[in-house]
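J.: Have a look at this one.
None of the figures in this text is laboratory data; all of them are computed from the coordinates on show. Keep in mind that this is a model prediction, so the values were computed, not measured. All Cβ positions, even for glycine, are placed from backbone atoms using ideal geometry, and neighbour counts span all protein chains on display.
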Amino acid sequence: MTTERTSTTSVILVEGASDRAAVLEAARLLGMDLASGGVSVVPMGGAMSVRRFAAELGPGGAGLRLRGLCDAGEVRFFERAGLASPDIYLCRPDLEAELLRALGIGRAEAVLEGEG
C-alpha cells in the first residue's frame with residue numbers, strides 16, 4: 001500500500017484499479033497533473049478495505065489528507081472508516097454510469113474499442 005510519490009499530501013481512495021485509471025484519465029483530460037499537486041490515487045481492492053487504508057494513510061498513520069470516491073452503495077464502508085461526508089464523493093449509482101453520462105455513448109464506445 002504505497003502512494004505514488006514521497007511528496008504526496010493528499011490521497012483519493014478508490015475501490016479498484018479501473019476506478020484509479022478513470023480518475024487519472026479524467027484529470028488528464030481536464031489538464032490536471034494530480035501527482036505534481038501532491039495527490040495520489042490509491043486503489044484499495046474493494047470498498048471493504050477502506051478502514052485499513054484510512055488507518056495507514058490518514059491522520060493516525062502517514063498523516064495524509066484523505067478523500068474517497070465510491071459507488072453510492074459503498075458509502076457506508078467509507079463512513080465507518082472515519083471519512084466525513086464532505087470527503088466522500090459518490091458516484092450514483094456507480095462510476096461506470098457517471099462515465100457514460102459524462103462521455104456519452106459514442107465516446108464511451110470509442111474508449112472501449114481503443115482499450116481492446
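J.: Mind checking the full-extension length gain between Arg92 and Met32? Use 0.36 nm per residue of separation minus the Cα-Cα distance, one decimal, nm. Walk me through the intermediate numbers first.
T.: Details: separation 60, 0.36 × 60 = 21.60 nm, distance 2.35 nm.
Working it through step by step, the gained length comes to 19.2 nm.
J.: Right, another one. Write down the Kirkwood hydrodynamic radius of segment 10-91, to one decimal in angstroms, obtained as one divided by the mean of 1/r over all alpha carbon pairs. Before the final figure, lay out the partial values.
T.: Values: mean 1/r = 0.0793 Å⁻¹.
In segment 10-91 this quantity evaluates to 12.6 Å.
J.: What angle, in degrees between 0 and 90 and rounded to the nearest 10, separates the Cα long axis of helix 17-29 from the longest principal axis of the Cα atoms of the chain?
T.: Once rounded, one gets 70 degrees.
J.: Measure out, as a whole number of angstrom, how far apart the alpha-carbon centroids of segment 66-86 and segment 4-36 sit.
T.: 17 Å
J.: While we're looking at this one, here's another question. Can you list which of the trypsin sites (Lys or Arg not before Pro) found in segment 1-67 are DSSP loop residues with at most 13 other C-beta atoms within 10 Å?
T.: Values: sites: Arg5, Arg20, Arg28, Arg51, Arg52, Arg65, Arg67; in loops: Arg5.
Loop-located and lightly packed - Arg5.
J.: Assign unit charges at the C-beta atoms only (+1 for Lys and Arg, -1 for Asp and Glu), then state the dipole size of the chain relative to its Cα centre in Debye, rounded to the nearest 20. The partial results should precede the final answer.
T.: Working: 12 positive and 16 negative charges, 94 e Å.
Computed about the Cα centre, the dipole is about 460 debye.
J.: Please identify, among Gly104, Gly58, Gly16, the residue showing maximal mean-square fluctuation in a Gaussian network model of the chain using a 10 angstrom Cα cutoff.
T.: Taking springs between Cα atoms under 10 Å, the residue moving most is Gly104.
J.: Can you list the HN-Hα couplings for segment 92-107, worked out from phi with the Karplus curve (6.51, -1.76, 1.60; θ = phi - 60°), rounded to whole Hz and with x for Gly and Pro?
T.: Result, rounded to whole Hz: 10, x, 7, 4, 4, 5, 4, 5, 4, 5, 6, 8, x, 4, x, 5.
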